[in-house]
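Student: Let me give you the structure first, and then I'll get to my questions.
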Amino acid sequence: MPSLERGSNRIVIAGASSLLGAELRSLLEESRFAGADFRLVDEETAAGLLTEAGGEPAVIQPVEEGTFDRAAKIFFTGSVEFTRTNLGAAKTSGAKIIDLSGESATNDAAVSWFPKLDSLLGRKFSADANLFAIPSSASTAAASLALGLFKIGVSRLVVICFQPVSEFGRAGIEELESQTGQLLSFQGMGQPVFDTQVAFNLLDRFGAASKHKLSTVRERLRAETKACIGKKSVMPALQLVHAPVFYGTAFSACAELVPGTTVEQIVAACEDTGFAIPANGEAGPSNVSVAGEKVAHLAKPEEDPARPGAWWFWGATDNIRLPAANAVKLAEMLP
């Protein structure tokens, strides 16, 4: 294994052309890593794209032999397949690896992390670990809710997440935008990305010819949530559907708690896990209202009048900003 140079400030963003990679780079440049030596790499199809790093023009490079050498920290923000292909080479560099792609969710050697998770699990921060997994915003919300409600006796939890097209990159955004305009203009509708109508439409799956599978995203959601919770709380039943929006993941949940549990107890438990909850009378969150927010937002929970002990939750997160911000927070804690 190559020895890491003492004081190395090289940071590699692998998957730099993705929306998540661009957001991460922006947040890193606003952090204590602003003066770092950034290396931006991605798949062959994205190599050569002109962007910027540290306020200077930068060209995204393909991964080559030596790409990860002398790196202090490596972030994976691209596809699962891209991470899977290059994770081995990254490990040999000796750098701290922070994976936001979902590939490491089922890796026993990876430490799942988001703010509050260590305290919720009653564990010490694993500063000596070399591989960390940052869960998606949906997984972070589901795990946070499960762990928070565990403290007040949750027996069952169901979470449904509504996913925006930005989870599938710029091509997904462009297809929703074009379909919206075409449908409003009574024109023929193109669907090369999703192989189905995604505008004005809720879906549990895309067309058969689409390379994007919501079933695969659900598997990631369940794997990441399970990795975060472990045996600490009940594992929620999880569902994920497509929502015809550009940004922001919203979620609805129903939890069965001990009858007699008060809303004050629930709010306190959820706030302890990091949720932002509005004061009485304020509107609940939406995928629009949470844009740019670094924490998940939750409306004040409501008890189901027909079923004592059953409580409904509504929340939303910025699906790009939240995991990127969590990755930067983690990096700032690492040596």
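The values are calculated or read from the model by the stated rules, or taken from the named source; none is laboratory data. Keep in mind it's a predicted model, so treat the numbers as computed, not measured. Positions of Cβ are generated from backbone atoms using ideal geometry, with glycine treated the same way; all protein chains shown enter the neighbour counts. Quick note on the areas: whole protein, heavy atoms, side chains included, nothing else; ligands and nucleic acids left out. Shrake-Rupley method; radii C 1.70, N 1.55, O 1.52, S 1.80 Å.
Student: Could we say that residue 157 is in a helix (DSSP H, G or I) and either out of contact with any Leu (no Cβ under 7 Å at 6 or more places or on another chain) or in contact (Cβ under 8 Å) with a residue 60 or more places away in the chain (or both) here? Before you say what the answer is, go through the steps one by one.
Tutor: Working: in a helix (DSSP H, G or I): no; either out of contact with any Leu (no Cβ under 7 Å at 6 or more places or on another chain) or in contact (Cβ under 8 Å) with a residue 60 or more places away in the chain (or both): yes.
Answer is no for this residue.
Student: Sort out which residues of region 90-109 are assigned to a loop (DSSP other than H, G, I, E, B) and under 29 Å from residue 290 (Cα atoms), and write them in order of number. Talk me through it step by step, then tell me what you get.
Tutor: Pass one, region 90-109, residues assigned to a loop (DSSP other than H, G, I, E, B): 92-95, 100-102, 107-109.
Selection gives 100, 101, 102.
Student: Still on this structure: Scanning region 19-39 for residues that are of a type in the set (Gly, Ala, Ser) and within 22 Å of residue 65 (Cα to Cα), which turns out surrounded by the most Cβ atoms within 10 Å (Cβ to Cβ)?
Tutor: Initial filter on region 19-39 (of a type in the set (Gly, Ala, Ser)): 21-22, 26, 31, 34-36.
In the following step, the residues that additionally are within 22 Å of residue 65 (Cα to Cα) were identified as 21, 36.
Working: 21: 25, 36: 19.
The qualifying residue surrounded by the most Cβ atoms within 10 Å (Cβ to Cβ) is 21.
Student: All but one of (1) part of a loop (DSSP other than H, G, I, E, B); (2) under 27 Å from residue 138 (Cα atoms) hold for residue 25, so report the exception by its number.
Tutor: All conditions pass for residue 25, except number (1).
Student: Suppose we filter 260, 292, 309 for residues that are on the phi > 0 side of the Ramachandran plot and under 20 Å from the mean Cα position of the chain (by Cα); which single one remains? It would help to see each step written out before you state the result.
Tutor: Values: 260 fails: under 20 Å from the mean Cα position of the chain (by Cα); 309 fails: under 20 Å from the mean Cα position of the chain (by Cα).
After ruling out the rest, the residue left standing is 292.
Student: Please verify whether residue 281 is small (Gly, Ala, Ser), on the phi > 0 side of the Ramachandran plot, over 17 Å from the mean Cα position of the chain (by Cα) and modelled with pLDDT under 95, treating the condition exactly as stated.
Tutor: Numbers: small (Gly, Ala, Ser): yes; on the phi > 0 side of the Ramachandran plot: yes; over 17 Å from the mean Cα position of the chain (by Cα): yes; modelled with pLDDT under 95: yes.
Here the answer is yes, as residue 281 does meet what is asked.
Student: Go through the residues of region 175-185 one by one and say whether even a single one is under 24 Å from residue 83 (Cβ atoms), assigned to a loop (DSSP other than H, G, I, E, B), of a type in the set (S, T, N, Q) and open to solvent by 50 Å² or more (accessible area, probe 1.4 Å).
Tutor: No; the residues of region 175-185 include none that is under 24 Å from residue 83 (Cβ atoms), assigned to a loop (DSSP other than H, G, I, E, B), of a type in the set (S, T, N, Q) and open to solvent by 50 Å² or more (accessible area, probe 1.4 Å).
Student: Follow-up question, since we're still on this one. Of the numbered conditions (1) open to solvent by 60 Å² or more (accessible area, probe 1.4 Å); (2) among the basic types (Lys, Arg); (3) in a helix (DSSP H, G or I), residue 205 satisfies every one except a single condition; which is it?
Tutor: It fails just one condition, (3).
Student: Still on this structure, please answer the following. Quick one: residue 197 ticks every box in (1) in contact (Cβ under 8 Å) with a residue 24 or more places away in the chain; (2) over 21 Å from residue 21 (Cβ atoms) except a single one, so which number is it?
Tutor: Only one criterion in (1) in contact (Cβ under 8 Å) with a residue 24 or more places away in the chain; (2) over 21 Å from residue 21 (Cβ atoms) is unmet by residue 197, namely (1).
Student: Any idea which residue in region 208-234 is most open to solvent (accessible area, probe 1.4 Å), counting only those that are of a type in the set (S, T, N, Q) and within 16 Å of the chain's Cα centre (by Cα)? Give the steps one after another, and end with the answer.
Tutor: Restricting attention to region 208-234, the residues satisfying the condition of being of a type in the set (S, T, N, Q) are 210, 215-216, 225, 233.
With within 16 Å of the chain's Cα centre (by Cα) added as a condition, the list becomes 216, 225.
Working: 216: 79, 225: 0 Å².
It comes out as 216.
Student: Go through 237, 283, 291, 269 for me and flag whichever is among the aliphatic types (A, V, I, L, M), buried (at least 17 other Cβ atoms within 10 Å of the Cβ) and either in contact with a Ser or Thr (Cβ under 9 Å, 6 or more places away or on another chain) or in contact (Cβ under 8 Å) with a residue 24 or more places away in the chain (or both). Spell out how you get there, then give the answer.
Tutor: Values: 237 fails: buried (at least 17 other Cβ atoms within 10 Å of the Cβ); 283 fails: buried (at least 17 other Cβ atoms within 10 Å of the Cβ); 291 fails: buried (at least 17 other Cβ atoms within 10 Å of the Cβ).
Unique residue meeting the criteria: 269.
Student: Now a separate question. For region 294-308, how many residues meet the condition of being buried (at least 17 other Cβ atoms within 10 Å of the Cβ) and part of a loop (DSSP other than H, G, I, E, B)?
Tutor: Of all residues in region 294-308, those buried (at least 17 other Cβ atoms within 10 Å of the Cβ) come to 294-301, 303.
Filter again for part of a loop (DSSP other than H, G, I, E, B), leaving 294-296, 299-301.
Number satisfying all stated conditions: 6.
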